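These notes concern the structure reproduced below.
Nothing in this text is a laboratory measurement; each read-out follows from the coordinates by a stated rule. From a predicted model like this one, the values you see are computed outputs, not experimental measurements. Methodologically, a virtual Cβ is constructed for each residue, glycine included, from the backbone with ideal geometry; neighbour enumeration extends over all protein chains shown.
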Amino acid sequence: MSLDPDDFRALLGRFASGVTVVTTVDAAGHDHGMTVSAFSSVSLDPPLVMVCIARDASAFAAFERANAIVVNILAAEQEALSRRFAGEVSDRFAGLGYHRADNGAAVLHDVLAWLSARVVDRHAAGDHVILVAEVEDGKVDEHRPLLYYRGGYARLER
C-alpha cells in the first residue's frame, strides 16, 4: 500500500523541527544559502551532521558541488530570515549581517547557534540529496529556537 503524499506530509508535520539556514560559497566566491528543516546529527565520534537538499531547490547545484557548509540554527526572532532564504530572492545576502567561518561560508548574525563543516559524503534519496558533513567549528548563543510545526513557524515557550 502506498501512502498518499498529502497524508505523508500531514504525518511528518507533527514532528516539530528546528529551522536552519545552510550556506556555502562556490569556487567563484558567490554565496548561496537556503532554509532547511531537514537537518540532524549523525554521529558524535566523529562529529557528523546531515542536511537534506531538495533537487528542485534554486541553490541545489551549489550545494551538490559544495565541499564546505555552515549550518545557521535560527533563533525565534528570525522567522523573516527563514522566509527570505526559502523564497525566490535574487540576492538573499543583500543587507544582511554575517561573517565568514574558516571554511569561507557565511555565518549569519544573531543565530541561536552555528556550525561549520566539511562535506564528507553524499547520498541520493528520492527527490533529495543527503549531505553528510564533519563538524569542524561552531558556537552557541543564548536565544530561544525558531521551530517549524504543522506547516508553520512556532516558538518554544519555556
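Per-residue packing, averaged as other Cβ atoms within 10 Å, sorts the ranges 53-64, 103-114 into the order 103-114, 53-64, beginning with the highest.
Ranked for footprinting exposure by Cβ neighbours inside 10 Å, fewest first, L96, L115 give L96, L115.
Between A28 and R14, what length comes free when the chain is fully extended (0.36 nm per residue of separation minus the Cα-Cα distance, one decimal in nm)?
Here the segment from A28 to R14 would lengthen by 1.0 nm.
Could you tell me which of rounded, prolate or oblate describes the stretch 68-158, using a ≥ b ≥ c as the square roots of the eigenvalues of the alpha-carbon gyration tensor, with rounded for a/c under 1.5 and, failing that, prolate when a/b is larger than b/c and oblate otherwise? Rounded.
If only the Cβ of Lys and Arg carry +1 and only the Cβ of Asp and Glu carry -1, the dipole of the chain around its Cα centre is close to 220 debye.
Between L156 and A86, the simple spin-label model (points 7 angstrom out along Cα→Cβ) gives 1.9 nm.
For the chain, relative contact order (Cα pairs under 8 Å, six or more residues apart, normalised by length) works out to 28 percent.
Recomputing Cα Rg over 2.2 N^0.38 Å from the coordinates shown identifies the correct label among (1) 1.37; (2) 0.95; (3) 1.01 as (3). Rounded to the nearest 500, the helix-only mean residue ellipticity at 222 nm of the chain stands at -3500 deg cm²/dmol, with each DSSP H run of n ≥ 4 adding -39,500 (n - 2.57). In this structure, A38 and D6 have a Cβ-Cβ separation that, at R0 = 22 Å, corresponds to a calculated FRET efficiency of about 0.75.
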